[in-house]
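Please treat every number below as a calculation from the coordinates, not as lab data. Note that the coordinates shown come from a computational prediction; the quantities given were computed from them, not determined experimentally. Cβ placement follows ideal geometry from the backbone for every residue including glycine, while neighbour counts extend to all protein chains displayed.
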Amino acid sequence: MALPPACAVPSDGPLTARKYPEPLHPYRLPFERDRARILHARAFRRLAGKTQVFTNRYSDHFRSRLTHTMEVAQIARTICRVLGLNEELTEALALVHDIGHPPFGHAGERALDDALKEHGLRFDHNLHALRIVEHFESRYAEFRGLNLTLAVREGIIKHSRDYSAAEHPELAEYFLDQQPPLEAQIIDLADEIAYLTADFDDGFEAEILSLEHTSAGVRLFERFYAPMQEKYAGASEKLIFNEALKRILNALVDDLLEETTRRVRADGIAALEDVRRAPERLVGFSDAMENLRMEAKRYLYANLYNAPELERDHEEAERVTRTLFHAWMADPSLLPPAHLAEIAKEGAPQVVADYIAGMTDQYALTKYREWKEQREE
C-alpha cells in the first residue's frame with residue numbers, strides 16, 4: 001500500500017525551515033526535534049487537565065484531551081507507516097493538533113467563541129494553537145515560542161480545515177491556495193477515528209449509551225458486535241464490546257488506507273507537488289464507510305454529546321467561561337502582569353480569551369470560585 005516515496009514530506013528541504021535559523025542537530029532530524037519540543041511544552045502538559053467529553057467528576061478512567069491526543073498519534077503513525085510517509089512529521093502534528101483547545105471541551109470552546117463574538121472576534125483552536133507555539137511558549141533565550149518547522153506550523157493550521165487568504169492574510173506563508181501534505185491530511189481523519197471509537201467506549205462506561213440502543217441505531221457497531229456476541233458467547237458484555245470496538249477501529253483504518261491509496265493512484269499522484277495541486281484532499285474514506293462513519297457520529301451527537309447527563313457539565317462550562325471573561329473585561333487589572341502587558345498590542349478581548357484558553361478545567365474552576373468569594377466579601 002506504500003505510496004510513491006516522493007509523496008512524503010522530506011526530512012530536509014524548505015518545509016524544515018524555521019523562523020529563526022538554527023544549526024542542524026548532530027543526530028536528530030528536524031521533525032524529531034519538533035516532536036520533542038511539543039512534548040516538553042507546558043501547553044502540552046496542560047492537556048491532561050482539559051476535558052475531552054467527560055469531566056473528571058465522572059471517573060479518572062475517561063479520556064482527557066491528553067490521552068485522546070496520544071491515541072490520535074498512535075493511529076496516525078500506523079497509517080503513515082503503511083503509506084510510507086514521514087512518520088516523525090505525522091507524530092509531531094498529531095501531538096500538537098489539539099494544543100489550542102480551551103478548558104471544558106467543546107462546551108468551553110463554544111462559550112469562549114460566543115464571548116468573543118460580542119467584540120467582533122472569534123475563537124479558533126487551530127489559530128490559537130499557532131499562537132501558543134509561536135508566542136506563548138517561552139523556553140528559549142534566542143527566540144520566543146518553540147520555533148517549529150514550517151511543515152508543522154502549516155499542519156497546525158490546515159490539518160482540519162481550509163483558510164481563505166483574503167480573510168487571513170496573516171497566514172500567507174502557509175500555502176493557503178494549495179492542499180496540505182498527506183501527513184497533515186492524515187491527522188484530521190486519525191482524530192475522527194480516535195474520538196469516534198473512544199467516545200463509544202467512554203459512553204458505555206458511563207452507562208449513557210446502551211448496547212441494545214446502539215446496535216439498533218449504528219450499523220457500523222452492529223456489523224461487528226453481533227459476530228462477537230456469537231464468537232464469545234460466554235464472555236462478559238464489556239469484553240464482547242471491546243472486541244467489537246477494536247474491529248471497528250481496524251475497519252476504519254483499513255478503509256482509509258485502501259481509499260487513500262486508490263485516490264492517489266487514480267489521480268496519478270507521484271510527488272508532494274501533485275498532492276499540493278490536487279483539486280481536493282486525497283486522504284479519506286470510501287463513500288460506503290463515510291456514510292457509516294457519519295451515521296455513527298450523528299448518533300453520538302444525539303445520544304452522548306447532547307445527553308441530559310452531560311447537561312450539567314455544559315452549563316457549568318458556559319457559566320464559568322462567560323463569567324471569567326466578563327469579569328476580566330470589566331477589570332483587566334485583575335489579569336496576571338504578563339497578560340496585562342499584552343493588552344496594548346492585542347486588545348483586552350483577545351488577551352482575556354488567550355488567558356482563559358490556556359487554563360485547565362480545575363484552574364478555571366478555581367478562578368471562578370475566587371471571583372465568587374470576592375463578590376461575597
task: Quickly work out the residue 273-to-residue 212 label distance, labels modelled 7 Å from Cα along the C-beta direction, and quote it in nm with one decimal.
output: 6.2 nm
- request: Give, in nm to one decimal, the length gained when the segment between residue 294 and residue 258 is fully stretched (0.36 nm per residue of separation minus the Cα-Cα distance).
  value: 11.1 nm
field: the stretch 223-320 - percent relative contact order, Cα under 8 Å, separation 6 or more
entry: 21 percent
- prompt: Expressed in nm to one decimal, what extension gain is obtained for the pair residue 322 and residue 307 from 0.36 nm per residue of sequence separation less their Cα-Cα distance?
  reply: 3.2 nm
message: Run the helix sum for the chain: -39,500 (n - 2.57) per DSSP H stretch of 4+ residues, divided by residue count, reported at 222 nm to the nearest 500 deg cm²/dmol.
response: -18500 deg cm²/dmol
query: If one puts a single equal scatterer on every Cα of the stretch 313-376 and applies the Debye formula without solvent, what log₁₀ I(q)/I(0) results at q = 0.15, 0.29 Å⁻¹?
result: -0.43, -1.38
- line: With no solvent term and unit scatterers on the alpha-carbon positions of the stretch 1-148, Debye gives log₁₀ I(q)/I(0) at q = 0.14, 0.20, 0.21 Å⁻¹ of -0.79, -1.26, -1.31
Net charge dipole size for the stretch 119-238 [Lys, Arg +1 and Asp, Glu -1 on Cβ; Debye, nearest 20]: 140 debye
message: What FRET efficiency comes out for residue 376 versus residue 42 if R0 is 41 angstrom and r is the Cβ-Cβ distance? Round to the nearest 0.05.
response: 0.80
- line: Taking a ≥ b ≥ c as the square roots of the eigenvalues of the Cα gyration tensor, with a/c under 1.5 meaning rounded and otherwise prolate when a/b exceeds b/c and oblate if not, the stretch 125-237 is prolate
In order through the stretch 83-97: 3J(HN,Hα) via Karplus (6.51 cos²θ - 1.76 cosθ + 1.60), integer Hz, x for Gly, Pro: 7, x, 9, 7, 5, 5, 5, 4, 5, 4, 5, 5, 5, 9, 5
Where only C-alpha atoms are counted, convex hull volume of the stretch 231-348 per residue in Å³: 247 Å³
message: Loop by DSSP (not H, G, I, E, B), at most 13 other beta-carbon atoms within 10 Å: where is the longest site-free stretch of the chain for chymotrypsin sites (Phe, Trp or Tyr not before Pro)?
response: 141-377
- prompt: Relative contact order of the chain: what whole-number percent is it, with Cα pairs under 8 angstrom and at least 6 residues apart?
  reply: 22 percent
query: Can you give me the Cα centroid spacing of the stretch 9-69 and the stretch 221-282 in angstrom?
result: 25 Å
statement: The orientation-averaged projected area of the Cα convex hull of the chain, in nm², is 20.9 nm²
message: Give me the dipole magnitude in Debye, nearest 20, for the stretch 313-376 about the Cα centre, with unit charges on the beta carbon: positive for Lys and Arg, negative for Asp and Glu.
response: 160 debye
task: Determine which residues of the stretch 36-78 fall in the zone a paramagnetic label at residue 139 would reach in this model, i.e. backbone nitrogen under 13 Å from the point 7 Å along Cα→Cβ.
output: 36-46
message: Give me the net charge for the shell around residue 297: Cβ to Cβ below 14 angstrom, other residues only, Lys and Arg +1, Asp and Glu -1.
response: -3
statement: For the stretch 114-130, Karplus-derived ³J(HN,Hα) couplings (6.51, -1.76, 1.60; θ = phi - 60°; whole Hz; x for glycine and proline) come out as 4, 5, 6, 4, 4, 10, x, 10, 9, 9, 10, 5, 5, 5, 5, 4, 5
